[in-house]
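Undergrad: Would you mind keeping the following structure in view while I ask a few things?
The values are calculated or read from the model by the stated rules, or taken from the named source; none is laboratory data. For clarity, every value in this text was computed on a predicted model and none was experimentally measured. Here the Cβ positions follow ideal geometry from the backbone for every residue, glycine too, while neighbour counts run over all protein chains shown.
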Amino acid sequence: MAGREDMEESRQEVMGRRLGGRVMPYVLVLMGLFSQTSSAGMSIMIGIGALVMIRDLVRDRASFFRVPFARRLCIVAALFAASLFVTSLFSMEPARSFRENLSTLSRMLPLFFALFYVRSWRCATAILAAFAVSTAVNDVAAVVQAVRKVDTGWGTRPIGLVHSPTFLGSFMLLSMPLLVFPVALLPLSRKWKLFFWGVAALSFAVLLLSMTRGAWLAFACVAVSSVFFCGRYRVTVLKGLAVLLLAFGMIFFGNATYGHRAEQVFDDTVQSETERYLMWQSAYRIFEDHPIVGIGQDEFGLAYNRDYLSPQAKERPRPDDPRSGHGHPHNNFMKVLSERGLVGMACFLLLHGAVFVALLRMLRQSKSGKAYLFALAGTLAFIGIHLEGLTDTNLQLTHIARTYWLLMGLCLAAGQMKDEDVVKMDGER
């Protein structure tokens, strides 16, 4: 069994050398390292990766599509790209929408880098280790801000190395599943595994410190979902959830600040919640007036503040600049619906739905082992980011979107690799 797995991994590594040579694995590792620490560094790596992939497409296009379902995913991505440019033709400001479309597509490139070039467990492990280091740096920055009570522009709520506490919560939702599940079976020393799990625990603490209610609710849903998706590892997962439940109880019932913040999740009298409802209503009104192709990418802020602002809204733009107010409706789906209409929404759902279906198929086919745990982590990260996207437009932030697509590509690539060596976990029979 071990010999067969070694031969398979060796064959995949040879294929990897044909596609990107020695360059792309380092690019992917650096992308993992820059994912939460440097937007500029991530941009440089995406630029280098794009050049390498274009070169390889010209030299050996057929090798790309030996990856299972890659051709289908490329077709879906092409339809998504076409929908962006069709809707931009009818935009309020076509040039602005066109530029935003290019930015949106560039954020997706890490998906294909990982999908096409991650061909061995060694490469997947290195990328995940780099991502863990990036998460640790972001977590430590957030903890330092919280301990020192730094005014981050959001009171004393920490923001880490990102723009806001809500986006910090999004990164934690992406990080925790990847740092908990795949690590158990990867070829890592005990010290490295403890490092991964320690960073995951720190990320949980940072999620609480962020005071991001939408991320809290999304995490609770992810925790419940993990019980249904974890299969033969259910006993181990239930033990972990029991510890989390105890931690939640101690924090929210023992600390008045956190308890009050948690109560506001379902309190529709809180101003931030009221403003969200009004923006969602206005986004739907925009959709009713422009149902087919919307008003164009990145045009919600202009339309909302100039033409669709509710009389009940208290958070308003400066009189001389309509774009100084809210630029998005705090909901990924309402933003897409208002800016791209039914055409854009259909392609948005098709793209993300294709990724989710692929992850679920891998869960069903692998059932256990390293490939299964990567598919499980990807599924839970996917659920978390999209549930939080119901209250914040997290995928509109370049930093988050690029990390999301990198991790989805990593999980999809790892979920396809052969895994004969299955190690039992606690609770298995």
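Undergrad: Taking the conditions exactly as written (surrounded by fewer than 21 Cβ atoms within 10 Å (Cβ to Cβ), under 19 Å from A375 (Cα atoms) and within 19 Å of the chain's Cα centre (by Cα)), does F69 satisfy them or not?
TA: Considered against the rule, which asks whether it is surrounded by fewer than 21 Cβ atoms within 10 Å (Cβ to Cβ), under 19 Å from A375 (Cα atoms) and within 19 Å of the chain's Cα centre (by Cα), F69 comes out as no.
Undergrad: In addition: Does the range 161-179 include one or more residues that are within 30 Å of G344 (Cβ to Cβ), surrounded by fewer than 20 Cβ atoms within 10 Å (Cβ to Cβ) and either β-branched (V, I, T) or in contact with a strand residue (DSSP E or B) (Cβ under 8 Å, 6 or more places away or on another chain) (or both)?
TA: yes
Undergrad: Of everything in the range 136-158, what is touching a residue at least 40 places away in the same chain (Cβ under 8 Å) and touching a helix residue (DSSP H, G or I) at 6+ places or on another chain (Cβ under 6 Å)? Give them in sequence order.
TA: Selection gives A136, D139, A142, A146, R157, P158.
Undergrad: Checking S103 against (1) buried (at least 19 other Cβ atoms within 10 Å of the Cβ); (2) under 25 Å from H352 (Cβ atoms), which test does it fail?
TA: S103 satisfies every listed condition except (1).
Undergrad: Looking only at the range 205-225, decide whether some residue is farther than 23 Å from N394 by Cβ and part of a helix (DSSP H, G or I).
TA: Looking through the range 205-225, none of the residues is farther than 23 Å from N394 by Cβ and part of a helix (DSSP H, G or I).
One line per residue, one yes/no per condition, for (1) in contact with a Leu (Cβ under 7 Å, 6 or more places away or on another chain); (2) under 23 Å from W216 (Cα atoms); (3) in contact (Cβ under 8 Å) with a residue 40 or more places away in the chain:
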{"residue": "Q312", "(1), (2), (3)": "yes, no, no"}
{"residue": "P317", "(1), (2), (3)": "no, no, no"}
{"residue": "D321", "(1), (2), (3)": "no, no, no"}
{"residue": "N332", "(1), (2), (3)": "yes, yes, yes"}
{"residue": "A346", "(1), (2), (3)": "no, no, yes"}
{"residue": "M362", "(1), (2), (3)": "no, no, yes"}
{"residue": "G369", "(1), (2), (3)": "yes, no, yes"}
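Undergrad: Select, from R107, R119, R99, the only residue that is farther than 20 Å from L179 by Cβ and part of a loop (DSSP other than H, G, I, E, B).
TA: It is R119.
Undergrad: What pairs come out if I take residues in the range 202-215 that are over 14 Å from Q145 (Cβ atoms) and pair them with residues that are among the aliphatic types (A, V, I, L, M) and not in a helix (DSSP H, G or I) whose C-beta lies under 8 Å away, six or more apart or interchain?
TA: Sorted first by the residue in the range 202-215, then by its partner, the pairs are G214/L390.
Undergrad: Then there's this: Identify, by number, the condition in (1) at pLDDT 95 or above; (2) aromatic (F, W, Y); (3) over 19 Å from T37 (Cα atoms) that F171 doesn't meet.
TA: Failing condition for F171: (3).
Undergrad: Any chance you could count how many residues in the range 284-301 are on the phi < 0 side of the Ramachandran plot and surrounded by 20 or more Cβ atoms within 10 Å (Cβ to Cβ)?
TA: Of the residues in the range 284-301, 7 are on the phi < 0 side of the Ramachandran plot and surrounded by 20 or more Cβ atoms within 10 Å (Cβ to Cβ).
Undergrad: Find all pairs meeting these conditions: Cβ atoms under 6 angstrom apart; at least six residues apart or on different chains; first residue within the range 238-255 and free of Cβ contacts under 8 Å to residues at least 12 places away in the same chain; second residue aromatic (F, W, Y).
TA: So the pair list comes out as F252/Y258.
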